[in-house]
Structures are given as C-alpha cells and as structure tokens.
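See structure below.
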Amino acid sequence: MDIPVYLIAGFLDSGKTNFINGVLEDGFARQDKTLLIRCEEGEEEYNPNALDNVTVVDIEDESEMTCPRMKALEKQYRPKQVMIEYNGMWPLERLYREVLPANWILYQIMSFVEASTFELYAKNMGQLMMEKITNADLLVFNRCTPELRETLRRRNLRMVNRRADMFLENEDGTTENYLTGDECPFDMSQKVLDIPDDDFGVWYVDVMDHPDRYAGKEVHMKLLMCHSKNYPGVHCPGRFVMTCCENDIQFLGLVAKGMGLNEYKNRDWVEVTARMAVENHDAYQGKGPVMHVITVNRCEKPLQEVVTF
C-alpha cells in the first residue's frame with residue numbers, strides 16, 4: 001500500500017512546529033491514522049489536543065533515519081500517512097535516495113525559513129539552504145519586515161524554483177504572495193533566452209500574460225511542429241502540457257512565421273531559434289506573441305515529452 005509522505009523542512013525556529021500544529025488542529029489527521037516523525041525538537045511543542053489520531057516518533061540522530069527503521073515503524077503503527085519534521089542540518093538527498101521505502105510516496109515538500117536568518121544561512125550553509133528552496137512545493141518565509149520582504153523579492157527566488165507556491169508571512173501574522181505579478185521567471189539578460197524543456201509551460205504562461213516583455217527578444221527551444229487546422233497556412237509549434245492529470249493534457253502552441261516551417265510534418269520535433277514580436281492575429285482574436293523563426297532544424301525528442309507546471 002502506498003503511503004503519502006509530507007515533508008516539513010527548515011532550520012531550527014523556522015516555524016515548522018507551528019505549521020504542523022495548525023495543520024493538525026484543522027483536522028488533517030482525524031480521518032487517517034498519521035505517523036509524525038520528529039527529527040529535531042525546538043521550543044514549540046505539538047498541541048496534545050490535536051494528537052488523538054497521531055503517533056509521534058522522535059529520531060534524534062541522522063544515522064537512525066534508515067529504510068529498515070521506516071519499514072519497522074510502518075509495520076508497528078500501520079499509518080495511512082506520514083509527516084516528517086526534518087532536521088534542518090540533515091541533507092535532503094539522502095532521505096530521497098536511501099531512507100524512504102519504495103511505497104512511501106513523497107507527496108509534498110514544505111520548506112520554512114526565518115526571514116531574518118536567510119542571508120546568513122545562504123552565505124554560510126548555502127547547499128543546505130538552497131536545497132530546501134529548490135525542492136520545495138510550498139515555501140514560506142516567516143516573520144518578515146518590510147525591509148526583509150524587499151530583500152527577498154530582490155533575490156528573485158522564482159528563478160531557483162519556478163513551481164513552488166511562495167509566501168511571505170509578516171510579523172503581524174498576515175501573509176502575502178512572494179510574487180507581485182511583475183516578476184519575470186527567466187533571466188532576460190541572456191542574448192538568446194534558452195527555454196529548458198521542462199520550463200516551456202512556465203514560459204508559455206508568461207509570454208501569453210506579458211507578450212511585450214519578450215518583444216524583440218531571441219528565444220531558443222525544442223518544440224513539436226503543428227500546422228493549424230482551424231487557420232490554414234498558419235504554423236503554431238508548441239508542446240503538450242499536463243496541468244493536473246492525464247485527462248487534462250492539452251497542446252499549447254504559438255503562432256510562428258518564417259522560411260522552412262512547411263518542410264516539417266505535424267509532430268516532428270524541431271529546434272527553433274526565433275525573434276519574438278507582438279502582432280494582431282486571428283488565432284489570438286487580437287494581439288499575441290508571434291515567433292519570427294531565424295533557424296529551424298529537426299532534433300531528437302526531449303526525455304520528457306509532456307510538460308508539467
């Protein structure tokens with residue numbers, strides 16, 4: 001039986017225990033028996049009133065975090081789900097590679113950072129800090145002042161992790177999105193913007209939302225050739241994208257113009273370099289991004305043909 005694992009990562013006093021208390025108090029464990037593995041103990045304690053369906057196991061030494069130990073805990077307590085409050089000084093990679101049993105499915109990684117300590121940890125323990133950011137599905141910076149919010153946003157951490165939900169929690173308890181809506185998810189200082197295979201979905205959303213941002217910019221990427229049925233003579237290479245599950249896979253393409261596009265069939269993989277423009281086009285029912293192709297060549301398909309967000 002597969003067991004979902006929720007990993008709560010962060011250094012000491014980053015707010016992990018408070019988050020766990022909030023989740024448990026909201027009824028997270030009332031329906032399913034939960035194993036909560038605590039790998040470090042800070043000043044905050046778990047709320048005993050929220051632990052009626054939760055078994056807490058303390059593991060104080062990293063050497064005790066082994067796959068056989070996890071399987072023994074599964075056999076002893078038979079949990080339906082597992083939460084791990086992970087020690088901030090232990091690397092995450094070993095947990096993925098060696099510790100979690102095959103049927104323990106890492107469902108979500110939630111990383112918490114004390115905003116005032118971020119620069120210090122990033123400078124002195126860069127690898128440990130950055131792996132918590134790059135692997136996170138949810139990233140929360142706690143106890144933010146206006147100055148810390150500005151500093152964190154200047155860091156443009158969306159460039160490090162483009163998929164995570166990021167939030168800034170202020171000293172008064174209010175929360176705001178890390179993104180203000182004006183940030184660009186790519187480094188626009190590059191002469192030619194190289195779009196990685198896995199990031200086409202992110203780029204597509206951004207170029208559709210902010211086409212003027214890319215006007216005049218050269219881009220390079222791998223795409224599936226597509227010749228539009230609805231608009232004969234129009235080329236619209238793109239990628240198949242899955243936003244949630246296999247049932248919602250859809251093709252996302254952009255209008256492309258240039259010599260040589262007719263030489264390729266639908267579903268041929270091509271490597272394209274193009275200069276972006278914003279133009280009126282029937283396919284967009286108004287203005288939209290248009291790729292003016294500079295070079296196009298046949299290429300090998302990427303390892304992951306379907307893009308996810």
Completion exercise
Pseudo-spin-label distance Arg267 to Asp197, built 7 Å along Cα→Cβ, given in nm, is 1.8 nm
Problem - Top of Gln81, Gln127, Gln31 by mean-square fluctuation, Gaussian network on the chain, Cα under 10 Å - result: Gln31
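Mind scanning Lys229/Lys287; Lys123/Lys222; Lys16/Lys80; Lys33/Lys123 and naming the pairs with a C-alpha gap bigger than 29 Å? Each step should come with its number before you reach the end.
Details: Lys229/Lys287 20 Å; Lys123/Lys222 36 Å; Lys16/Lys80 21 Å; Lys33/Lys123 40 Å.
Distance filter (> 29 Å) returns Lys123/Lys222; Lys33/Lys123.
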Practice task
Taking the chain as the reference, fit the longest principal axis to its C-alpha atoms, fit the long axis of helix 67-77 to the helix C-alpha atoms, and give the angle between the two in degrees, 0 to 90, nearest 10.
Solution key: 60 degrees
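Measure up Lys132/Lys301; Lys265/Lys301; Lys132/Lys217 against 21 Å on the Cα-Cα distance and list the ones that go over. Before the final figure, lay out the partial values.
Working: Lys132/Lys301 31 Å; Lys265/Lys301 14 Å; Lys132/Lys217 33 Å.
From the list (Lys132/Lys301; Lys265/Lys301; Lys132/Lys217), the Cα-Cα distance tops 21 Å for Lys132/Lys301; Lys132/Lys217.
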Problem - Difference of contour (0.36 nm per residue) and Cα-Cα distance, Leu12 to Ile294 - result: 96.3 nm
Problem - Extension gain from Leu179 to His220, taking 0.36 nm per residue of separation minus the Cα-Cα distance - result: 12.2 nm
Exercise for the section: At 1.4 Å probe size, with no ligands or nucleic acids counted, give the accessible surface of Lys265 in Å², nearest ten. Expected result: 150 Å²
Handout entry: Helix 200-209 vs. the chain, principal-axis angle (Cα, 0 to 90°, nearest 10)
Key = 70 degrees
Practice task
Compute the distance in nm between two label points, each set 7 Å from the Cα along the Cα-to-Cβ direction, one at Asp282 and one at Glu43.
Solution key: 6.8 nm
Handout entry: Share of carbon and sulfur in the accessible heavy-atom surface of region 156-293 [1.4 Å probe, %]
Key = 45 percent
Completion exercise
Checking Tyr231, Tyr264, Tyr121 against a Gaussian network model of the chain (alpha-carbon springs below 10 Å), the top fluctuating residue turns out to be Tyr231
Completion exercise
Regression test value, accessible area per residue of the chain, probe 1.4 Å, units Å², expected 52 Å²
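Set the Förster distance to 51 Å, then compute FRET efficiency between Glu119 and Tyr231 from the Cβ-Cβ distance, nearest 0.05.
Numbers: r = 51 Å, r/R0 = 1.00.
Rounded to the nearest 0.05, the efficiency is 0.50.
The values are calculated or read from the model by the stated rules, or taken from the named source; none is laboratory data. Just so we're clear, the structure is a prediction, and the values are computed from it rather than from any experiment. FYI the Cβ positions are ideal-geometry reconstructions off the backbone, even for glycines, and counts take in every protein chain you see. Heavy atoms of the whole protein, side chains included, go into the accessibility calculation; ligands, DNA and RNA do not. Shrake-Rupley method; radii C 1.70, N 1.55, O 1.52, S 1.80 Å.
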